[in-house]
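Everything on this sheet refers to the single structure shown next.
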Amino acid sequence: MHSATRRRKRCNESFHEFTTEMNSEKGTLMGSSFLVVKADGEVQQNTIDHVYEKLKVLEDGMKTYLGEGNVSVENNWNLGIAFCALCGAYNAHEEVLGMKFIVPEKFHMLFSWLMAIVEVETVKKAIPPHEKTMGILQFFRQSTLKSSTTA
């Protein structure tokens, strides 16, 4: 088997294992991320802790399957697309919540990979404008927090 075919096969297997873990019995990373935006106080902190657990699994998996220093997205498009869908608007989430999730000190490989992905020209064109994402997240957060206080 050619090395490119082996890499592609390994990447597809990694992607399958990643999606299986991210959709485990504790809930999805994406679902937990939305709960952080919707929650406040202790519920929000518990959800943040859960997001950090999922990010740790993702970081460890990427180190295992991609190699410790490999932040190249060229040979890992399936994983890159999934990761970009989850974290591509990271800066808008950080601004709305006033906190950082993917910090280089805690998640070095994820941070490096995210920085590499958002510099890909196709990704730059596909990600919605920052102001639009901010507006949607702020509206969503305000609406859900308001409805939870009136309920």
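Does segment 86-121 hold any residues that are closer than 19 Å to Thr47 by Cα and either over 14 Å from the mean Cα position of the chain (by Cα) or of a type outside the set (A, V, I, L, M, F, W, C) (or both), and which are they?
Hits for segment 86-121 are Tyr90, Asn91, His93, Glu94, Glu95, Val96, Leu97, Gly98, Met99, Lys100, Lys106.
Has segment 81-92 got any residue that is farther than 21 Å from Leu35 by Cα and at pLDDT below 80?
Yes, there is a match, as at least one residue in segment 81-92 is farther than 21 Å from Leu35 by Cα and at pLDDT below 80.
Please determine whether any residue of segment 39-56 is among the basic types (Lys, Arg), over 27 Å from Lys132 (Cα atoms), modelled with pLDDT of 80 or more and exposed (fewer than 15 other Cβ atoms within 10 Å of the Cβ).
yes
Taking Gly69 and the conditions (1) at pLDDT below 80; (2) assigned to a helix (DSSP H, G or I), which numbered condition does it fall short on, given that it satisfies the others?
Gly69 satisfies every listed condition except (2).
Which of (1) among the hydrophobic types (A, V, I, L, M, F, W, C); (2) at pLDDT 80 or above; (3) within 30 Å of Gln142 (Cα to Cα); (4) part of a helix (DSSP H, G or I) is the odd one out, the single condition Val103 does not satisfy?
Of everything listed in (1) among the hydrophobic types (A, V, I, L, M, F, W, C); (2) at pLDDT 80 or above; (3) within 30 Å of Gln142 (Cα to Cα); (4) part of a helix (DSSP H, G or I), Val103 misses just condition (4).
List the residue pairs whose Cβ atoms are under 7 Å apart, where the first residue sits in segment 86-106 and is crowded, with 16+ Cβ neighbours inside 10 Å, the second is of a type in the set (Val, Ile, Thr) and outside any helix (DSSP H, G or I), and the two are 6 or more positions apart or on different chains.
Final answer for the pair search is Cys87/Ile102; Gly88/Val118; Gly88/Ile127; Ala89/Ile127; Tyr90/Ile102.
Tell me, please, whether a residue that is exposed (fewer than 15 other Cβ atoms within 10 Å of the Cβ) and either under 30 Å from Leu66 (Cα atoms) or at pLDDT below 85 (or both) can be found in segment 111-118.
yes
Is it the case that segment 126-143 has a residue that's modelled with pLDDT under 80, of a type in the set (Gly, Ala, Ser) and under 25 Å from Lys38 (Cα atoms)?
No, because not a single residue in segment 126-143 is modelled with pLDDT under 80, of a type in the set (Gly, Ala, Ser) and under 25 Å from Lys38 (Cα atoms).
The values are calculated or read from the model by the stated rules, or taken from the named source; none is laboratory data. Just so it is clear, the model here is predicted, and its values are computed rather than measured. All Cβ positions, glycine included, derive from the backbone under ideal geometry; neighbour counts span all protein chains shown.
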